[in-house]
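Worksheet for the structure shown next.
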Amino acid sequence: MGGLIVDTNTWHLGKRLRGQGGTDALMPDVWPPGSWFVLLTEGVDQIEFAASQRNIARHFRIGPSQRSYDDPSYEHVVHAFAGNGLRPYAPCHLGAQSDGAGGYDVSWIRRTRLDGDSWDLAEVPLNEEAESYEVRVVQGNTLLRQQTVTAPLWSYSASQLMEDTANGAVDIEVAQNSARYGPGAWARLTLGV
């Protein structure tokens, strides 16, 4: 990461790697000026929890490690962790090609949380019990249709498209399923009318 001091307590940050560890589906395209960030080093350890402890509120005291836990600088917080380290990454290269009959063939490429950095493999490891995806069509906050598929391909027929876009554009969203977590992060594609 590169940084340049531009004023007192003000830095211009550049050359950052964004979206590491599957966070790309959760971050905005642009952070507004004045946003805060936390630089994590190798000194931060993940708290180990059993699967049975997911989504259960726990009490923490957070503060500088050089001071005792009863120091006034420490803050008491209650937080329940969802086990996001188990969440499948959002699929990538989500796209729609005309099927020649007025509908679309929607496809994507799955990603993996573990051992996915090798360039020697034809496909990254699945790391789930089975290959499964949730595909949904939404318009604003309204769910129009949802289907589970077992391959990175979904057919959106002309009749479905006509019905769904009667009131405007729709978003197609795709998430990989996990038996331990449920649907992962969603990839989104907007289809106009």
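Of all the criteria given as (1) part of a loop (DSSP other than H, G, I, E, B); (2) touching a Gly at 6+ places or on another chain (Cβ under 6 Å), the one not satisfied by residue 11 is (1).
Of all the residues in region 8-33, those that are on the phi < 0 side of the Ramachandran plot, open to solvent by 90 Å² or more (accessible area, probe 1.4 Å) and not basic (Lys, Arg) number 10. Would you check if there is a residue in region 76-85 being out of contact with any helix residue (DSSP H, G or I) (no Cβ under 8 Å at 6 or more places or on another chain), within 22 Å of residue 188 (Cα to Cα) and small (Gly, Ala, Ser)? Yes; the residues of region 76-85 include at least one that is out of contact with any helix residue (DSSP H, G or I) (no Cβ under 8 Å at 6 or more places or on another chain), within 22 Å of residue 188 (Cα to Cα) and small (Gly, Ala, Ser). In region 11-33, the residues that are in contact (Cβ under 8 Å) with a residue 12 or more places away in the chain form Cβ pairs under 9 Å with partners that are hydrophobic (A, V, I, L, M, F, W, C) and not in a loop (DSSP other than H, G, I, E, B), at six or more places apart or across chains, as follows: 13/4; 14/4; 24/92; 25/175; 25/187. Here residue 105 fits the description: over 24 Å from residue 50 (Cα atoms), acidic (Asp, Glu) and touching an Asp or Glu at 6+ places or on another chain (Cβ under 8 Å). From the list 65, 73, 52, the lone residue that is assigned to a helix (DSSP H, G or I) and either among the polar types (S, T, N, Q) or over 30 Å from residue 106 (Cβ atoms) (or both) is 52. In region 155-164, the count of residues that are more than 15 Å from residue 108 (Cα to Cα), at pLDDT 95 or above, in a loop (DSSP other than H, G, I, E, B) and open to solvent by less than 60 Å² (accessible area, probe 1.4 Å) is one or more. Just the residues that are within 24 Å of the chain's Cα centre (by Cα), open to solvent by less than 50 Å² (accessible area, probe 1.4 Å) and farther than 20 Å from residue 183 by Cα, please, taken from region 51-85. Answer for region 51-85, where residues must be within 24 Å of the chain's Cα centre (by Cα), open to solvent by less than 50 Å² (accessible area, probe 1.4 Å) and farther than 20 Å from residue 183 by Cα: there is none.
The values are calculated or read from the model by the stated rules, or taken from the named source; none is laboratory data. Since the model is a prediction, treat every value here as computed from it, not as a measurement. Neighbour counts are summed over all protein chains in view; Cβ atoms, including those assigned to glycine, are modelled from backbone coordinates with ideal geometry. The area values use the complete protein model at the heavy-atom level, side chains included, leaving out ligands, DNA and RNA. Shrake-Rupley method; radii C 1.70, N 1.55, O 1.52, S 1.80 Å.
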